[in-house]
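Below is one structure; the comments refer to it alone.
The values are calculated or read from the model by the stated rules, or taken from the named source; none is laboratory data. On a predicted model such as this, the values are computed, not experimentally measured, just so you know. Glycine gets a Cβ as well: all are built from the backbone with ideal geometry, and neighbour counts include every protein chain shown.
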Amino acid sequence: MSDLFNQDCEISPDIYLYRQKVSWALWADDIKRLIKVAPLRFMRTAGGKRLNISMTNCGDVGWTSSEQGYRYLSRDPASGKPWPKLPPSFAQLGTQIAALTGFEHFQPNACLVNHYQAGQKLNAHQDKNEPDLSQPVVSVSLGMSATFLIYGDERGNKAQKIILNDGDVMIWGRSARLMYHGVETKNTQPHPELGFHRFNVTLRQV
Ligand code: MD3
Ligand code: FE
């Protein structure tokens, strides 16, 4: 499981990092197809504000934010159609990484795709809209680099910072499942093909 060259490790209790498990090149066709069918969009919050980054989904259910609050929905509200299918390669990576960290029963069926341009950020938040918090979340970084900020159990804590590059995968669960986290891209390095764009794919069981 541990690979010194790739610095694969438990970076903090119940948060695991696997470097260069995939790549933009490997997943580009699936991402491009997805955003043609279910375009990236800036969702709104219950208070009517626009989220900082654009998003879309694939899988059985997709995470949405709107004037009605945060919900997992089986259809894309923009089209009324079911979200595109979860690509088998995404599901396979999720179950493989989960098995490596002791989550043998993880069956990802929800996939949120976030899109960042240089300077865009995701503020500190918890992922707590999933019904079964005993299941982990898997995050796949594609494209330009980003800094993950891990605040721990209070959003006001000093953050642990981790730089994520194309193809890096993080998984967190158990004691880390409800930790506050965020993303910054102000000091980003461009990706040779994608330039100053980043996609983050999160796999969840909902
Ligand atoms: C949780 N997305 O969609 S997970 C999200 O890069 C989201 O777009 C991130 O947060 C993104 O909800 C990827 C980032 C992350 C990093 C460290 C964590 C989540 C964490 C540590 C503990 C718990
Ligand atoms: Fe999150």
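Looking at this structure, is residue 73 under 17 Å from residue 30 (Cβ atoms) and away from ligand 1 (no atom under 12 Å from the Cβ)?
On the way: under 17 Å from residue 30 (Cβ atoms): no; away from ligand 1 (no atom under 12 Å from the Cβ): yes.
When the stated conditions are applied, residue 73 does not pass them.
Does residue 13 count as in contact with a strand residue (DSSP E or B) (Cβ under 9 Å, 6 or more places away or on another chain) and either buried (at least 20 other Cβ atoms within 10 Å of the Cβ) or not hydroxyl-bearing (Ser, Thr, Tyr) (or both)?
On the way: in contact with a strand residue (DSSP E or B) (Cβ under 9 Å, 6 or more places away or on another chain): no; either buried (at least 20 other Cβ atoms within 10 Å of the Cβ) or not hydroxyl-bearing (Ser, Thr, Tyr) (or both): yes.
Spelling it out, it is not the case that residue 13 is in contact with a strand residue (DSSP E or B) (Cβ under 9 Å, 6 or more places away or on another chain) and either buried (at least 20 other Cβ atoms within 10 Å of the Cβ) or not hydroxyl-bearing (Ser, Thr, Tyr) (or both).
Please list, ordered by first then second residue, the pairs with beta carbon atoms under 7 Å, 6 or more apart or interchain, first in segment 38-54 and under 17 Å from residue 201 (Cα atoms), second in a loop (DSSP other than H, G, I, E, B) and of a type in the set (Asp, Glu).
38/76
From 162, 150, grab the single residue that is surrounded by fewer than 20 Cβ atoms within 10 Å (Cβ to Cβ) and under 14 Å from residue 16 (Cα atoms). Steps first, please.
Details: 150 fails: surrounded by fewer than 20 Cβ atoms within 10 Å (Cβ to Cβ).
Result of the check over 162, 150: 162.
When you check residue 127 against the structure, is it surrounded by 20 or more Cβ atoms within 10 Å (Cβ to Cβ) and either farther than 20 Å from residue 23 by Cβ or more than 16 Å from ligand 1 (Cβ to nearest atom) (or both), yes or no?
Working: surrounded by 20 or more Cβ atoms within 10 Å (Cβ to Cβ): no; either farther than 20 Å from residue 23 by Cβ or more than 16 Å from ligand 1 (Cβ to nearest atom) (or both): yes.
No, not satisfied.
Return the total of residues in segment 72-95 being part of a strand (DSSP E or B) and either touching a residue at least 24 places away in the same chain (Cβ under 8 Å) or in contact with a Pro (Cβ under 6 Å, 6 or more places away or on another chain) (or both). First the steps, then the outcome.
Initial filter on segment 72-95 (part of a strand (DSSP E or B)): 72-73, 75, 82.
From what's left, either touching a residue at least 24 places away in the same chain (Cβ under 8 Å) or in contact with a Pro (Cβ under 6 Å, 6 or more places away or on another chain) (or both): 72, 75.
Result for segment 72-95: 2.
Quick one: in segment 114-124, of everything that is within 18 Å of residue 188 (Cα to Cα) and of a type in the set (Gly, Ala, Ser), which residue is surrounded by the fewest Cβ atoms within 10 Å (Cβ to Cβ)?
Going through segment 114-124, the residues within 18 Å of residue 188 (Cα to Cα) turn out to be 114-123.
In the following step, the residues that additionally are of a type in the set (Gly, Ala, Ser) were identified as 118-119.
Details: 118: 16, 119: 12.
Residue satisfying both the conditions and the ranking: 119.
This table checks each residue for (1) away from ligand 1 (no atom under 11 Å from the Cβ); (2) free of Cβ contacts under 8 Å to residues at least 24 places away in the same chain; (3) over 23 Å from residue 34 (Cα atoms); (4) not β-branched (Val, Ile, Thr).
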| site | (1), (2), (3), (4) |
| --- | --- |
| 104 | yes, yes, yes, yes |
| 131 | yes, no, yes, yes |
| 175 | no, no, yes, yes |
| 196 | yes, no, no, yes |
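For segment 135-188, give me every one of the strands (runs of 3 or more DSSP E) that falls completely inside it and has 3 or more residues that are farther than 13 Å from residue 125 by Cα. Spell out the reasoning first.
Numbers: elements: 137-143, 146-152, 160-164, 169-172, 180-184.
Filter on segment 135-188 gives 137-143, 160-164, 169-172.
Among the residues in segment 50-64, are any more than 23 Å from residue 166 (Cα to Cα), of a type in the set (Phe, Trp, Tyr) and outside any strand (DSSP E or B)? I'd like the intermediate steps shown before the answer.
Pass one, segment 50-64, residues more than 23 Å from residue 166 (Cα to Cα): 50-51, 60-64.
Now drop any that are not of a type in the set (Phe, Trp, Tyr), which leaves 63.
Next, only the ones that are outside any strand (DSSP E or B) stay: none.
Taking every residue of segment 50-64 in turn, none turns out to be more than 23 Å from residue 166 (Cα to Cα), of a type in the set (Phe, Trp, Tyr) and outside any strand (DSSP E or B).
Only one residue in 159, 176, 124, 98 is away from ligand 2 (no atom under 16 Å from the Cβ), farther than 19 Å from residue 40 by Cβ and at pLDDT 95 or above, so which one is that? Even if it seems obvious, please write down each step before you answer.
On the way: 159 fails: away from ligand 2 (no atom under 16 Å from the Cβ); 176 fails: away from ligand 2 (no atom under 16 Å from the Cβ); 124 fails: away from ligand 2 (no atom under 16 Å from the Cβ).
None of the others qualify; the one that does is 98.
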